[in-house]
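Submitted below is the structure of interest, expressed as C-alpha cells.
The values are calculated or read from the model by the stated rules, or taken from the named source; none is laboratory data. For clarity, every value in this text was computed on a predicted model and none was experimentally measured. Here the Cβ positions follow ideal geometry from the backbone for every residue, glycine too, while neighbour counts run over all protein chains shown.
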Amino acid sequence: MDRRRFNSLCTGLLAGAAGLHTQSFANASETSPPYPESKLFYPDNTPVTLDSLDSGKAYVFSYPYRTTPCFLVRLGASAPGGQSWPGGLDTDQSVVAFSAICSHKMSHPAKPISHISYRESPVTFYDASGTKQTRQGVISCCSERSVYDPANGGAVLSGPAPVPLAAIALHSDSSGRLSAVGSIGPDQYEQFLEKFGFRLAMEYGITDVRARAADKTEIVLATDFSHQQVLC
C-alpha cells in the first residue's frame with residue numbers, strides 16, 4: 001500500500017472518530033451546535049496539506065467563528081487518540097489543532113500581542129504535585145503560567161487552567177488537504193465573544209463577531225499573526 005493510500009485510510013478513520021466525538025460532545029450540551037467544515041488555506045490561497053506542514057511551526061487560523069483563534073501545528077512527536085479526542089492526523093498522528101483561547105482567563109493571540117504560544121523549545125514549569133518539569137512541544141500561556149500538552153488532547157500540565165484546551169477536529173482528503181470540521185471538549189467561545197466582542201470587531205474588521213467561519217479559512221504563522229509574542 002503506498003503512502004497516499006495509507007494516509008487516506010488513516011485520516012478517513014480519524015475523521016470518522018472526530019465526528020463521533022464531536023457529536024457526543026454536542027449531545028452533552030444544548031449550547032454546543034455542530035460547526036461547518038472550513039478548508040484551510042495559506043495567505044497565497046494555496047491549500048494547506050499534510051505534506052506542507054513542517055514540524056515545530058505553529059500557525060493561527062480562525063474557527064469555528066471568524067474571531068476565535070486556533071493553533072495548527074505538526075508536533076515533533078505522535079499525538080495518539082484517547083478517551084476524549086481522536087488524535088492527530090497523518091501516518092504519525094502528529095498534526096493537531098486546538099483553540100488558542102486559554103481556559104483560565106481566555107488569554108489568546110491578538111494581533112498586537114500574544115501571551116499564549118506553541119513552544120517547540122523546552123519550557124520549565126511546576127506540575128500539580130509541585131515537581132519541576134522541563135518539556136518541549138507544549139502550549140504555554142504566560143498570562144498566568146498555564147501549560148497544556150497538545151500531544152495529549154490539550155491536557156493541563158501546569159497552572160490555574162481548569163480544563164484542557166478545546167480540540168479542533170481536523171480532516172484531510174485523498175490529496176492530504178486539510179479542513180477544520182468540529183470542536184471537541186469544553187470551550188470558551190461564548191464567554192470569549194461576550195468579553196472581547198467590541199475589540200474583536202475592530203481587530204478583525206467585521207460587525208458580527210459571532211459569524212461562523214467561512215467554507216475556507218486562512219492560516220498564518222503565529223509569529224506573523226501577533227506583532228509581539230510574550231515568552232516565559
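Could you tell me whether any residue of segment 180-193 is surrounded by 14 or more Cβ atoms within 10 Å (Cβ to Cβ) and free of Cβ contacts under 8 Å to residues at least 40 places away in the same chain?
Within segment 180-193, none of the residues are surrounded by 14 or more Cβ atoms within 10 Å (Cβ to Cβ) and free of Cβ contacts under 8 Å to residues at least 40 places away in the same chain.
When you scan segment 112-126, do you find a residue that is under 21 Å from ASP187 (Cα atoms) and part of a loop (DSSP other than H, G, I, E, B), even just one?
Start the filter on segment 112-126 by keeping residues that are under 21 Å from ASP187 (Cα atoms), which leaves 114-118.
Those left that are additionally part of a loop (DSSP other than H, G, I, E, B): 115.
Among the residues of segment 112-126, at least one is under 21 Å from ASP187 (Cα atoms) and part of a loop (DSSP other than H, G, I, E, B), which makes the answer yes.
Further question on the same structure: Inside segment 173-209, can you point out the residues that are hydroxyl-bearing (Ser, Thr, Tyr) and under 15 Å from SER62 (Cβ atoms)?
SER179, SER183, TYR189, TYR204
To continue, here is another question. Which condition does ILE139 not pass, out of (1) at pLDDT below 95; (2) in contact with a helix residue (DSSP H, G or I) (Cβ under 8 Å, 6 or more places away or on another chain), if it passes all the others?
The number of the failed condition is (1).
Right, here's the next one. Give the residues of segment 155-175 that are farther than 20 Å from VAL230 by Cβ, of a type in the set (Gly, Ala, Ser) and either within 17 Å of the chain's Cα centre (by Cα) or modelled with pLDDT of 95 or more (or both), sorted by residue number.
ALA155, ALA166, ALA167, ALA169, SER172
Within the bounds of segment 54-62, is there any residue that is under 14 Å from the mean Cα position of the chain (by Cα), of a type outside the set (A, V, I, L, M, F, W, C), in a strand (DSSP E or B) and modelled with pLDDT of 95 or more?
yes
Could I ask something else about it? Being more than 24 Å from ALA214 (Cα to Cα) and at pLDDT 95 or above: is that true of SER117 here?
Working: more than 24 Å from ALA214 (Cα to Cα): yes; at pLDDT 95 or above: yes.
When the stated conditions are applied, SER117 passes them.
Under the condition of being among the hydroxyl-bearing types (Ser, Thr, Tyr) and under 16 Å from VAL156 (Cα atoms), which residue from segment 68-122 is surrounded by the fewest Cβ atoms within 10 Å (Cβ to Cβ)? Give the steps one after another, and end with the answer.
The first filter runs over segment 68-122 and keeps only residues among the hydroxyl-bearing types (Ser, Thr, Tyr), leaving 68, 78, 84, 91, 94, 99, 103, 107, 114, 117-118, 121.
In the following step, the residues that additionally are under 16 Å from VAL156 (Cα atoms) were identified as 84, 99, 103, 107, 117-118.
Details: SER84: 17, SER99: 27, SER103: 24, SER107: 20, SER117: 24, TYR118: 23.
Residue satisfying both the conditions and the ranking: SER84.
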